[in-house]
Amino acid sequence: MLASKTEGYDLIGDVHGCGATLAALLEKLGYSQRGGVYRHPRRKVIFLGDLIDRGPRIRMAVLIARRMVQAGEAHIVMGNHEYNALAYCHPAPALSGKRWLREHTPRHNRIIQDTLAQYRDHTNEWEDTLAWFKTIPLFLELDGIRVVHACWDEALIAELRQRKPNACMDEAFLVESTDSSTQAFRILDRLTRGTHIPLPSGIEIHSGDGFTRKSFRTHFWSQAPQVWGDVVFQPDNLPGDLEARPLTDTERARLSYYGPDEPPLFIGHYWCEGIPALPTANIACLDYSAVKYGRLVAYRWSGEAELSADRFVWVRVPKEENVLPQQWEADAV
């Protein structure tokens, strides 16, 4: 239950550069700009990460969120795209044999190209934005709810709490997190990307976001999953009859589990489609493919222990997303 003076939180899923739609959603939720910051008299926002990449108004999305967070009108958790940007732009250690923590491969270049293009003439702003990204926590637990971008894994979160009580990365943690053999990598990968199961050799998924994938995303709320179909969580169908393929012990051991008696949890990341719905009574996913002209979705939480689909609020993302609302001057974004 709420312990603060705040009436509740409006949790907002992956924005991915749909800045004009974000402004429209905030206004639909009753927020208005005062002093350049969206504010509500009784509520605050929690952003679930992935503000950047792909969309037409990335700088605007970041500016709205950052101003709100810094003014105390919002909270935010780290998304895998903010993390990717930090690693992409950070030089690798001298003896690593790499130039960058996240190598500039064609795939990695493609993911971040829209962000870099929109900041190309604003290099100081981009450096300042990266510095802000470093201050974003990997999870939040406040007033009876939990928030993480992709997956709440209690054991790994306990390890992170012990190591970083504020749940934020420093430079050493960032560097370590790019080495797959380390604790930092396991924590970062699970919390911001969730779990994946590799597809059989020679089988690929041609995803709706334009990428070819050799694994599929899995969820973490099936207590005793038996087959791949029990845990798949993505809009792309598994090829052939793979949903009926039994989970191996090794695959099952990789999965996290979040039980029905745990506090309400809010996640993004998973590219859901259609009308927002709850996968369980205590978990809400708020990523509904906004940048693919889906929905930018919020959940209006006001202290309830059992979540309700009636509390979803959304705005459809129009093809004209790149048209700015009138109140935004070009030099402000």
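The values are calculated or read from the model by the stated rules, or taken from the named source; none is laboratory data. From a predicted model like this one, the values you see are computed outputs, not experimental measurements. Because the Cβ atoms are built from the backbone with ideal geometry, glycine has one as well, and the counts that use them run over all protein chains shown. Keep in mind that these areas ignore ligands, DNA and RNA; they rest on the heavy atoms of the full protein, side chains included. Shrake-Rupley method; radii C 1.70, N 1.55, O 1.52, S 1.80 Å.
Model label sites at Glu304 and Asp128, defined 7 Å from Cα along the beta-carbon direction, differ in position by 4.0 nm. Simple rule: put +1 on each Lys or Arg Cβ and -1 on each Asp or Glu Cβ in the chain, find the dipole, and look at His81, Met169, Met68; the Cα lying farthest toward the positive end is Met68. Using Cα pairs closer than 8 Å and at least 6 residues apart in sequence, work out the relative contact order for region 52-124, in percent. This gives 37 percent for region 52-124. Taken one residue at a time, the phi angles of region 186-194 give Karplus couplings (6.51, -1.76, 1.60, θ = phi - 60°) of 4, 5, 4, 5, 6, 6, 9, 10, x Hz. Gly and Pro are set to x.
With a Förster radius of 25 Å applied to the C-beta separation of Trp100 and Ser181, the computed FRET efficiency comes to 0.85. Residue by residue, region 132-144 carries 3J(HN,Hα) couplings of 5, 3, 5, 8, 7, x, 7, 7, 9, 9, 8, 6, x Hz when phi is fed to the Karplus relation 6.51 cos²θ - 1.76 cosθ + 1.60 (θ = phi - 60°); x denotes Gly or Pro. Total lysine pairs in the chain at Cα distances under 23 Å, for residues eight or more apart or on different chains: 10. Between Lys164 and His108, the contour length at 0.36 nm per residue exceeds the alpha carbon distance by 17.4 nm. Probing with 1.4 Å while keeping every protein chain in the model, the per residue accessible area of the chain equals 44 Å². Distance between the modelled labels on Arg213 and Arg42, one decimal in nanometres: 4.0 nm (7 Å Cα→Cβ projection). Taking θ as phi - 60° and the Karplus parameters 6.51, -1.76 and 1.60, the scalar couplings of region 109-114 work out to 4, 5, 4, 9, 4, 5 Hz in sequence order, x denoting glycine and proline.
Taking the DSSP bridge list for region 1-159 and keeping only pairs wholly inside it, about 50 percent are antiparallel.
Put a dot 7 Å past the Cα of Arg34, heading toward its Cβ, do the same for Gln70, and the two dots end up 2.0 nm apart.
How would you classify the chain from its alpha-carbon gyration tensor, with a ≥ b ≥ c the square roots of the eigenvalues: rounded for a/c under 1.5, else prolate if a/b is greater than b/c, otherwise oblate? Rounded, since a/c falls under 1.5. Peptides 103-111, 211-219 ranked from most to least packed give 211-219, 103-111, packing being the mean of other C-beta atoms within 10 angstrom over each peptide's residues.
Distant-in-sequence amide contacts of Phe139, defined by a placed amide H-H separation under 5 Å and a gap of 5 or more residues or a different chain, comprise Met78. Each peptide in 234-247, 285-298 gets a packing score, the mean of other Cβ atoms within 10 Å over its residues, and the list from highest to lowest is 285-298, 234-247. Per residue, the average separation of C-alpha pairs within less than 8 Å and at least 6 apart gives the chain a relative contact order of 21 percent. For region 1-145, the spread of Cα coordinates along the three principal axes comes to 52, 30, 24 Å, biggest extent given first. Taking a ≥ b ≥ c as the square roots of the Cα gyration tensor eigenvalues, with a/c under 1.5 meaning rounded and otherwise prolate when a/b beats b/c, else oblate, which class fits region 26-93? Prolate, since a/c reaches 1.5 and a/b exceeds b/c.
In whole percent, how big is the carbon plus sulfur part of the accessible area of the chain, probe 1.4 Å, protein atoms only? Taking all protein chains in place, the chain shows 48 percent carbon and sulfur surface. Around the amide H of Gly55, modelled in the peptide plane, lie the amide H atoms of Gly17, all under 5 Å away and 5 or more residues distant in sequence or on another chain. Taking amide hydrogens as placed 1.01 Å from N in the peptide plane, the amide H of His75 sits under 5 Å from those of Val45, Ile46, Phe47, each at least 5 positions away in sequence or on another chain. With an a/c value of 1.5 or above and a/b not larger than b/c for the gyration tensor axes a ≥ b ≥ c computed over the alpha-carbon atoms, region 207-276 is described as oblate.
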